[in-house]
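Here is the structure we will look at, set down as C-alpha cells.
The values are calculated or read from the model by the stated rules, or taken from the named source; none is laboratory data. Note that this is a predicted model, so its numbers are computed, not measured. Note that we place each Cβ from the backbone using ideal geometry, even for glycine, and neighbour counts take in every protein chain shown.
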C-alpha cells in the first residue's frame with residue numbers, strides 16, 4: 001500500500017537525517033528514485049519548488065512527493081513520517097536539555113556529525129550541478145550542457161559576489177530566487 005510505503009520511507013529519512021533539510025535532500029532523492037515515484041527531472045523541479053515555498057525544504061519535499069503519489073492523504077502521511085522523528089527527539093531533548101547538551105559525549109557526537117552534514121550537502125550540490133547544468137546522465141552518455149542555465153548560474157554568482165563586495169552583505173535567498181526566476185523567464189523565453 002502506497003500510504004504505508006510513504007510513511008515508512010519518510011519516517012526512516014526523518015529518523016537518520018542530521019543537519020536539517022538540505023542534508024536530507026540526497027536521502028530523499030535516493031529513495032524517491034529507487035521507488036520510481038519521480039524521474040530525476042521531476043525531482044529537481046520539485047526541489048526548486050520546495051526551496052521557493054515557505055517552510056523547511058525537506059518537509060515541503062515530503063509533502064510534494066506524498067501528494068504526487070497519494071493525493072492529499074499521501075501528502076499528510078509523508079509529511080507526518082518525516083517530521084515525527086524530529087518532533088519526538090526534540091521533545092525528549094527539551095525535557096532534559098541542560099543536562100543532555102552539556103555532556104561531553106553528546107558534544108563530541110554533534111561535532112562528529114557536522115562534517116558528514118557538510119559532505120552530504122556538498123555532494124548533493126555537485127550531483128545537481130552536474131545533472132542540471134552539465135546534462136550528466138552517466139559516463140557512457142556525452143554531456144549536454146544547458147548553456148542558458150550556466151549563464152544564469154554565472155549571473156547569480158556575480159550578483160552574490162558584487163552584493164557582498166559593494167553592499168557588504170550577502171543577498172537574501174528570497175532576492176536570489178526572485179532574480180533567478182526573472183532571469184529564467186527572460187533567458188528561457190529567448
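Some points to look at:
- Subset of the range 79-107 (residues that are over 25 Å from residue 22 (Cα atoms) and either surrounded by 12 or more Cβ atoms within 10 Å (Cβ to Cβ) or touching a residue at least 60 places away in the same chain (Cβ under 8 Å) (or both)): 100
- Residue within the range 150-157 that is touching a residue at least 40 places away in the same chain (Cβ under 8 Å), touching a helix residue (DSSP H, G or I) at 6+ places or on another chain (Cβ under 7 Å) and either assigned by TED's automatic domain parsing to the domain that holds residue 50 or in a helix (DSSP H, G or I) (or both) present: no
- Taking the criterion of being surrounded by 16 or more Cβ atoms within 10 Å (Cβ to Cβ), in contact (Cβ under 8 Å) with a residue 24 or more places away in the chain and farther than 15 Å from residue 75 by Cβ, the only residue of the range 28-43 that qualifies is 29.
- The condition of being over 22 Å from the mean Cα position of the chain (by Cα) and either modelled with pLDDT of 85 or more or closer than 30 Å to residue 37 by Cα (or both) holds for only one of 109, 87, that being 109.
- Index of the failed condition, residue 164 passing every other in (1) farther than 26 Å from residue 61 by Cβ; (2) in the same structural domain as residue 25 (by TED's automatic domain parsing): (2)
- Test for residue 112: is it over 30 Å from residue 89 (Cα atoms), in a helix (DSSP H, G or I) and free of Cβ contacts under 8 Å to residues at least 24 places away in the same chain: no
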